[in-house]
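Student: Questions regarding the structure given below will be posed in turn.
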Amino acid sequence: MAHSEHNKPKKSGAFFLIILGAFLFIVSPTWFADKPGIGFSMIALGFAIGGLGFYLRFIRK
């Protein structure tokens, strides 16, 4: 078929970024409970990575 290449879903790392951001957002408070500065920065980093993945996956289209 002429349009089979057009109909294939595109593989991207955006879904991986969403999962990585959620993982950092949830797990970092327990990993860095004794160092609140690093824990807060990891939470912010997880939020930023997940937000970037969400933007690339859903908003940019």
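Student: Kindly evaluate G21 against the criterion of being exposed (fewer than 13 other Cβ atoms within 10 Å of the Cβ) and modelled with pLDDT of 90 or more.
Tutor: no
Student: Now, a different point. For region 27-54, enumerate the residues that are free of Cβ contacts under 8 Å to residues at least 12 places away in the same chain and either among the basic types (K, R) or open to solvent by 90 Å² or more (accessible area, probe 1.4 Å) (or both).
Tutor: T30, W31, D34, K35, P36, F40
The values are calculated or read from the model by the stated rules, or taken from the named source; none is laboratory data. Everything numeric here is computed off the predicted structure, so don't read it as measured data. Note: ideal-geometry Cβ built from the backbone for every residue, glycine included; neighbour counts use all protein chains shown. Heads up: the accessible areas ignore ligands, DNA and RNA and are worked out on the full protein's heavy atoms, side chains in. Shrake-Rupley method; radii C 1.70, N 1.55, O 1.52, S 1.80 Å.
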